[in-house]
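First up is the structure itself, then whatever we jot down about it.
Derivation of every value follows stated rules applied to the coordinates shown; laboratory data play no part. If you're wondering where the values come from, they're calculated on a predicted model, not measured in any experiment. All Cβ positions, even for glycine, are placed from backbone atoms using ideal geometry, and neighbour counts span all protein chains on display.
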Ligand code: APR
């Protein structure tokens with residue numbers, strides 16, 4: 001889906017293998033790593049990323065849901081890692097949609113502030129945090145489209161899906177948005 005100068009594309013893959021300016025991590029508020037994408041990024045990126053996260057924790061404490069922080073990318077084929085914290089799904093009436101949208105928008109804002117042209121997102125909150133992926137995909141793609149309509153600095157916003165089913169869900173959401 002092309003919005004202005006920005007290509008928005010869901011694709012199948014492992015986000016730690018993406019060559020982009022910014023890889024986005026689905027972190028938790030402690031910023032000290034975890035499982036899923038968080039574990040994969042720290043494993044592949046190496047200890048420097050965690051060291052920078054610890055410095056951020058010392059400076060500002062953790063990272064609240066919906067917010068984002070930025071570090072170097074260690075051994076990853078990227079310039080930066082943006083660590084954002086999605087909401088835990090609690091049924092949908094506790095501000096989850098707004099927090100998920102903020103996580104995407106704040107990540108894009110940080111990436112743009114650092115001159116990024118290409119950004120790769122995982123499917124934030126749809127793993128351990130239990131956000132229904134059909135709902136999350138619509139929020140993720142509309143947040144990216146809104147951002148691309150408001151800013152022309154990004155060439156690509158990729159959504160890297162870890163399973164064919166997840167990719168299919170995002171493609172359907174993109175088709176609905178693009179229509
Ligand atoms: N590349 C791309 N996507 C991945 C990868 C990977 N290497 N590994 C997992 N995923 C997918 C999952 O299949 C899921 O669809 O990322 C999505 C997000 O899942 P989680 O990583 O569980 O993230 P989230 O649901 O946001 O939960 C965050 O999990 O790992 C902990 O420390 C993290 O506490 C935090 C919580």
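Some points to look at:
- In whole percents, the pair-distance distribution calculated for the range 1-149 from its alpha-carbon pairs, binned every 5 Å from zero, is 2, 10, 21, 24, 22, 13, 6, 1, 0.
- Within the listed set 59, 43, 158, the residue fluctuating most in the Gaussian network model of the chain (springs between alpha-carbon atoms under 10 angstrom) is 59.
- Förster-model FRET efficiency, 25 Å R0, residue 54 and residue 75, C-beta, rounded to 0.05: 0.90
- Beta bridges assigned by DSSP with both partners in the chain are antiparallel in approximately 30 percent of cases.
- Within a Gaussian network of the chain (alpha carbon springs, distance under 10 Å), most fluctuating of 126, 58, 118: 58
- Computed FRET value (nearest 0.05) for residue 176 with residue 156, which takes r as the C-beta separation and R₀ as 30 Å: 0.90
- Here the label points at residue 30 and residue 17, each 7 Å from Cα along the C-beta direction, are separated by 3.0 nm in the simple model.
- Mean separation of Cα contacts under 8 Å, 6 or more apart, over the residue count of the chain: relative contact order %: 31
- Applying 1/(1 + (r/R0)^6) with r as the Cβ-Cβ distance of residue 146 and residue 94 and R0 = 30 angstrom yields a FRET efficiency of 0.85.
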